[in-house]
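A quick write-up on the structure given underneath.
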Amino acid sequence: MPAEHRIAAETDIPAGESREFVVAGRIVALFHVEGEFHALDGVCPHAGGPLANGVLEGCIVTCPWHGWQFDVSSGQHCLSAGIRQTAFPVRVADGNIYVELPD
Ligand code: FES
């Protein structure tokens, strides 16, 4: 059953930046895009690069290892329709960011 976890405070991540968190044994990449927060599985599906350390331009993150790009709002790979990184639901309440993770 999915469980919601507090991952950070809103103020921890300036707009246009991202951070990596380890939550319930998972690596989660959290992105702040124009007042909205998005969470993806933080491990790049290509070869395990840290997506949270990539360059974020608008809602597109570029993996720092080999340049794969993903839309952080959906997890969709920018070139390959068949590749979609797992995205996790995000909720913001009272200045805190919560991410829903599967078991
Ligand atoms: S590990 Fe991310 S593009 Fe290769």
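Okay, here's what the table says:
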item: Residue in the stretch 34-44 that is away from the ligand (no atom under 12 Å from the Cβ), in contact with a Cys (Cβ under 6 Å, 6 or more places away or on another chain) and farther than 18 Å from D12 by Cβ present; result: no
item: Filtered residues of the stretch 53-87 (kept if more than 12 Å from the ligand (Cβ to nearest atom), assigned to a loop (DSSP other than H, G, I, E, B) and closer than 15 Å to F31 by Cα); result: G58, C59, V72, S73, S74, G75, T86
item: Complete set of residues in the stretch 18-40 that are under 11 Å from the mean Cα position of the chain (by Cα) and more than 14 Å from H5 (Cβ to Cβ); result: S18, R19, E20, A29, F31, H32, V33, H38, L40
item: Total residues in the stretch 65-96, condition loosely packed, with under 15 Cβ neighbours inside 10 Å and more than 26 Å from P2 (Cα to Cα); result: 6
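Condition check ((1) crowded, with 21+ Cβ neighbours inside 10 Å; (2) at pLDDT 95 or above) across all residues:
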residue: P2; (1), (2): no, no
residue: F21; (1), (2): no, yes
residue: V28; (1), (2): yes, yes
residue: H32; (1), (2): yes, yes
residue: A47; (1), (2): no, yes
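The values are calculated or read from the model by the stated rules, or taken from the named source; none is laboratory data. Please read these numbers as outputs of a predicted model, since none were measured by experiment. Note that we place each Cβ from the backbone using ideal geometry, even for glycine, and neighbour counts take in every protein chain shown.
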